[in-house]
Structures are given as C-alpha cells and as structure tokens.
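Visitor: Next up is a structure, given as structure tokens.
None of the figures in this text is laboratory data; all of them are computed from the coordinates on show. These numbers were taken from a predicted model, which means no experiment stands behind them. Glycine also receives a Cβ, built like all others from the backbone with ideal geometry; neighbour counts cover every protein chain displayed.
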Amino acid sequence: MTELYFKGKEFVYNHHLTVPHRPLEMHADKGIGDPRLDGNLILQGDNLHALKALLPIYAGKVDCIFIDPPYNTGHEGWAYSDNVNAPMIKEWLESNPIGIDDGLRHDKWCAMMWPRLRLLWELLSETGSIWITISDIEMHRMRNIMDEIFGKANFIATVAWQKKQSPQSDAINISDMHDYVVVYAKRAKEDKKDTSGWQRRLIAMSDGQSANYGNQDQDERGPWTDSDYTCNKTADERPNLFYPIINPNNGEEVWPSRTRVWAFEEKTHKQNEKEKLIWWPPTRSKPRIKTFLKEGEETGSVPGTWWPRNLAGDNQESKRELIDIFGHVPFNFQTPKPTRLIKKILEVATAKDSLILDSFSGSGTTAQAVLEANKIDGGERRFILVEMEEYADKLTAERVRRVMAGYDFKGTQSTELLREKLNWKKLQNFQKIEEQVEKIENLHRHEYDKVKKTVKDGELIVTGEKKVDQRAEGLGGEFTYCTLGAPIEMDKILTGETLPPFVDLATVLFHTATNLPGDPAKVDAEKFFMGEANGQMLWLVYKPELDWLKTPDAALSLSFARKIAEEHPKARHLVFAPANHTNPKMLAKEGLKVEFAPLPYALYRVEKA
C-alpha cells in the first residue's frame, strides 16, 4: 500500500496517546433540559482534546461520524496549535494562521488531521461509518490518510455533491461545481453475505422517482418501471450470458449483442418468464426487466455517488437556512453545509437510535439534521457536536436552541418538492409531467399555502410555500452544553496538583484499563467501584482529598480485599490504589481473586478472559 509522507508525521503518529484526558464539565444554564452526559451534547473546546475526553464514555459507541474539516484553501485562517513536543513542529506556530503562501500548509493540514482521525476511529462503533466533506485541494491526501488509519479495504465510496447551481463567471480556469464526501466504514462488508460489517440503508424514493412508474400492461401487481435486460459484459467474457430468447409476441428468436450480453443466466431468464417479470416494448427488439413500485416503496432505492443539489441541497440553501434562523449569515460561516446534505447522510448511515458525532460542528447543521430526521420517522437519534471557537455558545449552540424551541421569523418558507430536467422527449409526453405535478400537489397541498411551479434554466421546479408570521415552530428536544475541565494527569495526583472528582478519574481509568467505554451511572464513589468488564470487577481506592490520600486508608488492604470477594465471590477483582498493604501470596492463601494495580498507572490493561 502506498504510504503518505508529510513533514512531522513521525511526531504526530501517536500524538493522540499523549493528549491528556479531560473531564466534561456541564453547564446547565447554557443547555436545554436537565444536564446529562448520555444525551445530546455540545462540547466547546479544542477538538483533539474533546475527542480524547469523549473516549472514556463513548469509545466504540458512535454509529455515524460527519466532519467538515478545513479545506485548506489558504484563505480560511485556520491555525495549527497542537501541543506536540517537537521543536520542528513548534516552529510552525510562529507562522499561524496558515495562509496561501505557507509552503508547508499541506503538511500542517495532514499533521492536524492525523491524530483527530485516529481518535475518531476509536470512537466509531464496529458497524459505524465516517463521512468527510472535502474539496480537490486535500482530497488525495485525505484518501491516503484514511487508507492508513481506517484501512484501504474499509473504503466505501466517494460521493460527488453538487454544491452550486451554475458555474461562476469569474472563475480563472474551470468553475468547481461540486465537493466530495469521502465515506469509510470501521469494518466494511466483504461481500453481500457478510452480516457483521457496516450496513448501508436504502433511501426513500422521491415523488419524481415514483412518478416514473406506470402500468402499460395492467399488471395486477401494480405500477412498475423497466430497466435494461443486458449488461456491460462481452460474449467472450461471459459466454453463459450469450444465448437466444424467444419474443412471445411474434415467436422470433432474439440474440443480445456480442459486446453487451444478457444480464441473466438462462436458468434465471426462464424464472423471470415464469414470474412474468419481462416486458417487450412494442418499439424495441429487446426485452426489459420489470421492477414494481410496491417493492421499491418497501425497500427504497440504493444510494448512488452523485448527489445533485435537488437531492442534497447546495451552498445557497445552507445560507438561506442561516438567514431564516439568525436574520443574516454570520461571517464565520460563508460556506456552511445544507441540512439536506447531512439528512441524506443520516438516511443512508443511521438507524432510529443512532449516535452521531460532528467534531468540526461550525454552525451546528448536524444537530438540526438529526432533530429533523427524528421528527420525520419518530427516531431517537442523538448528536454530539464539538466546536473549539468562541462562537460555540453564541452561534453553534444558539442555533440548536432556536431550532429546538422555535425562533422569530417572518416571511415565506420554501421547500423544493420536485426538480425535473426538461428535454424534447419529455415535452412530447407533457401529459405525464402534468400528472406527476398534479400528484405532488394532491400529496402536499395541505402542508403549504401554495404549491408554486416555475421553469428555470431548462428545469421544472415545484416548491411548496408557506407564510410564517412571527415564529417558526420548534422541533423540540434537549441538549447539554459542556466545556473541558483540567487535565487528569496521573503523575500529579499524589502530589495534589491534580485531584479530579472520583467519577472522572474512575471513568478514565476504566477505559484505560479495559479499552471499553465506562458508564458514569454505574460508578459508586462510596464503595470505590468503577465498573465491570471481561468478567472482572474494577475498583479505585481514592478520594479527591490530599490529606486522605496520605493516610493508610488510601491503600488496598486485606480487609477491603476480603469484603469485595465476599460480596462478589464468583468475580475476579482489580483494585487501583496509591498503595498496597497486601501481597499476592497473602491473597492467594485466602483464595481471594484480587489483583493490585498501583495508582498512578496509566498503561495497565485488563486481559480478556
């Protein structure tokens, strides 16, 4: 496999391991509802440290990650600020923010992305996927980084998203009309029979797709559409697909082209005939295969890699969303992503109870997309947003507050219901287009004040318009606003420099020892209990009081070992403590399955049973 090299790679390769754990500090006054760490979260802080802070609770639990990192255009003003202990990298800080003339800006971008993607990999569940928007500037480097961290075999697709309606007249060369969405899985399926890998979901058919179905032969199974009965293989490549079939209308023998043979083997073709799945158009010499609308409605459509603006929105739509909510486009968000783009990702990548993480959250579009998706299907998806800039409270969280509770708005809200390219063939059959529009009107008329029909740039556009006076309806929901607490540094605990609360230290130690997410709700400070994993119960003899830590009580004693063994006789026990007043022979003599781990001790690992 080709390896990507960039300046500083050797220093950031394992930098995520040196980033200290920080507790999440909740701010009840900035959220909605009762503060909790297992619900929707908005976290303000450096996203590298924030991701490390999330690990003890959420490692392996995130179902879908969406990130919109800096495109590194040279005009964004982003700064490289990771505290990597290497003089070469520290010198880079003097040239921040990174501009177009910085000869190392691509190396710095790679150095910034690498440790964050390493932590995102750890947070992603075994059946999860990550979706990254990017442009041509760093696209090839992003693919190389992802191949190394996530594995080349786990690449799913590169989606091309149409971000603009028309070319820019002031473009120097060729106007860019699309960005990319790079998709990787934690573990991709090896084949269709593989049930343990990431499972993409089918997407609902649009009204336009449904209108393409008809029933020319009055099939009792209902409306259907037809598709090609041949495939792009040659007779030399697939001789078993090169055979004659009989046209039942005239008894003629029909052969496929030698350069494009049938799509089905002869045995399957006979089954298709038996099930009456073959359509012989009067004006064509070759048959077509039927697909029924009922089947499509039940299973949906397979998502493709081309996402036009009518499917997933564009940059102009995303700006209109911000204008609706804030009354203007904040200067920080000149190229936000539209809610429809992220909703489409959620439709493909999530279930109704999925956890979604966005660690470059910007204006908070991901949270709105999650809330809207839940409203559509009654789901209980949760979001975690991370934003390091000062506007995390005033803009990112404020957008979520307004979307949840409703916001002042006066004007007309427009929702695109259909966008259809017009050509001569469609104009010849204009009655079908009229029926398609009429169907959409009948379906959506009650939702809007007016259904508007316009033709622009060779496209028929049908929109639903609804006048909103004074206030837009809120979507409901709750979230907790968090910041990052002081680092939990193991070597400073016994000196008193760092004395984190029991639950914070216990959650970090539990994850460090087991590589599993801890559950703060199961932590019991009075009993010194941290949790259970791999058939072993974990304990922490600790209080955040320096004077107490200096007493004999701050140790694994024989009485404590007897107590936990008596209460849980079948379990093995691991006890973290600053000191040990027992020894293995003493414990073994009494048959106590208790093991000691000195505190601080950040590298202890529980072996799987």
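Visitor: Could you work out the mean projected area of the convex hull around the alpha carbons of the chain, in square nanometres to one decimal?
Guide: Reported value for the Cα convex hull: 36.4 nm².
Visitor: While we're here: Taking amide hydrogens as modeled 1.01 Å from N in the peptide plane, which residues meet the under 5 Å criterion relative to Phe383, leaving out close sequence neighbours?
Guide: Residues meeting the amide H criterion: Asn40, Leu41, Ile356.
Visitor: Between Ala79 and Trp255, with labels modelled 7 Å along Cα→Cβ, what's the label distance in nm to one decimal, could you check?
Guide: According to this spin-label approximation, the distance is 7.4 nm.
Visitor: Working from Cα positions, state the angle (0 to 90°, nearest 10) between the long axis of helix 558-567 and the longest principal axis of the chain.
Guide: 40
Visitor: Kindly state, as a whole number, the per residue volume in cubic angstrom of the convex hull around the alpha carbon atoms of segment 99-212.
Guide: For segment 99-212, the hull spanned by Cα atoms encloses 157 Å³ per residue.
Visitor: Separate question: Using the count of nearby Cβ atoms within 10 Å as a rough guide to exposure, how do Ser169, Ser318 rank from fewest to most?
Guide: Listed from fewest to most nearby Cβ atoms, that is Ser169, Ser318.
Visitor: Would you mind computing, in nm to one decimal, how far apart the modelled labels at Lys432 and Ser559 are, each placed 7 Å from Cα along Cα→Cβ?
Guide: 8.7
Visitor: Tell me which residues come under 5 Å, amide H to amide H, from Ile488 once H is placed; ignore anything under 5 positions away on its chain.
Guide: So Ile488 has HN proximity to His21, Arg22.
Visitor: What is the spin-label model distance, in nm, from Gln165 to Leu17 if the labels are put 7 Å beyond Cα along the C-beta direction?
Guide: Distance between the two pseudo-spin positions: 5.3 nm.
Visitor: Please work out whether segment 427-519 counts as rounded, prolate or oblate from its C-alpha gyration tensor, where a ≥ b ≥ c are the square roots of the eigenvalues and a/c under 1.5 means rounded, while otherwise a/b larger than b/c means prolate and anything else oblate?
Guide: Since a/c reaches 1.5 and a/b is larger than b/c, the shape of segment 427-519 is classed as prolate.
Visitor: Also, quick follow-up: Going by Cα centres, segment 248-318 and segment 169-207 are how many Å apart?
Guide: About 22 Å separates the Cα centre of segment 248-318 from the one of segment 169-207.
Visitor: List every residue whose amide H lies under 5 Å from the amide H of Ala554, counting only residues 5 or more places away in sequence or on a different chain, with H placed 1.01 Å from N in the peptide plane.
Guide: none
Visitor: Can I ask one more? In the chain, what percentage of the DSSP-assigned beta bridges are antiparallel, given to the nearest 5?
Guide: Here the share of antiparallel DSSP bridges comes out near 65 percent.
Visitor: In terms of the Cα gyration tensor, with a ≥ b ≥ c the square roots of its eigenvalues, is segment 488-598 rounded because a/c is under 1.5, prolate because a/b exceeds b/c, or oblate?
Guide: oblate
Visitor: Taking the Cα centre of each part, how many Å lie between segment 418-493 and segment 1-62?
Guide: Computed from Cα coordinates, the inter-centre distance equals 33 Å.
Visitor: Could you give me the ³J(HN,Hα) list for segment 108-113, computed from phi with Karplus coefficients 6.51, -1.76, 1.60 and θ = phi - 60°, whole Hz, x at Gly and Pro?
Guide: Each residue's phi maps through the Karplus curve to give 5, 5, 5, 5, 6, 6 Hz.
Visitor: Suppose R0 equals 51 Å. What FRET efficiency, 1/(1 + (r/R0)^6) with r the Cβ-Cβ distance, do Asn423 and Glu10 give to the nearest 0.05?
Guide: After rounding to 0.05, the efficiency reads 0.35.
Visitor: Of the listed peptides 268-275, 371-378, 394-401, 342-349, what is their order by residue-averaged count of other C-beta atoms within 10 Å, with the highest listed first?
Guide: Output ranking for 268-275, 371-378, 394-401, 342-349: 342-349, 394-401, 371-378, 268-275.
Visitor: Let me ask something else. Among DSSP beta bridges whose residues both lie in segment 488-598, state the antiparallel percentage, nearest 5.
Guide: Bridges in segment 488-598 that DSSP calls antiparallel: roughly 30 percent.
Visitor: Give me the angle, in degrees from 0 to 90, between the Cα long axis of helix 365-377 and the longest principal axis of the Cα atoms of the chain, rounded to the nearest 10.
Guide: 60
Visitor: Then there's this: For segment 411-468, rounded, prolate or oblate, judged on the Cα gyration tensor with a ≥ b ≥ c (square roots of eigenvalues), a/c < 1.5 rounded, else prolate if a/b > b/c?
Guide: Judged from the Cα gyration tensor, segment 411-468 comes out oblate (a/c at least 1.5, b/c at or above a/b).
Visitor: Between Ile174 and Asp101, what is 0.36 nm times their sequence separation minus the Cα-Cα distance? Round to one decimal in nm.
Guide: Here the answer is 24.1 nm.
Visitor: Applying the Karplus parametrisation 6.51 cos²θ - 1.76 cosθ + 1.60 with θ = phi - 60° to the phi angles of segment 266-275, what ³J(HN,Hα) value in whole Hz is obtained for each residue in order, glycine and proline being reported as x?
Guide: 4, 5, 5, 4, 5, 5, 4, 5, 4, 8
Visitor: Mean separation of Cα pairs under 8 Å and 6+ residues apart, divided by the residue count of segment 411-468: what relative contact order is that in percent?
Guide: 54
Visitor: A follow-up question, please. Using only the alpha-carbon atoms, how far is helix 47-58 inclined from the longest principal axis of the chain? Give it as 0 to 90 degrees, nearest 10.
Guide: Once rounded, one gets 80 degrees.
Visitor: So, one more: Does anything in segment 410-431 have its amide N under 18 Å from the 7 Å Cα→Cβ label point of Glu447, and if so which residues?
Guide: Hits in segment 410-431 for Glu447 at 18 Å: 412-420.
Visitor: Express in % the proportion of alpha carbon pairs of segment 113-160 at distances exceeding 11 Å.
Guide: Summing the P(r) tail past 11 Å for segment 113-160 gives 71 percent.
Visitor: Among Leu119, Leu443, Leu37, which comes first, second and so on when ranked by fewest other beta-carbon atoms within 10 Å?
Guide: If I rank by nearby Cβ atoms, fewest first, I get Leu443, Leu37, Leu119.
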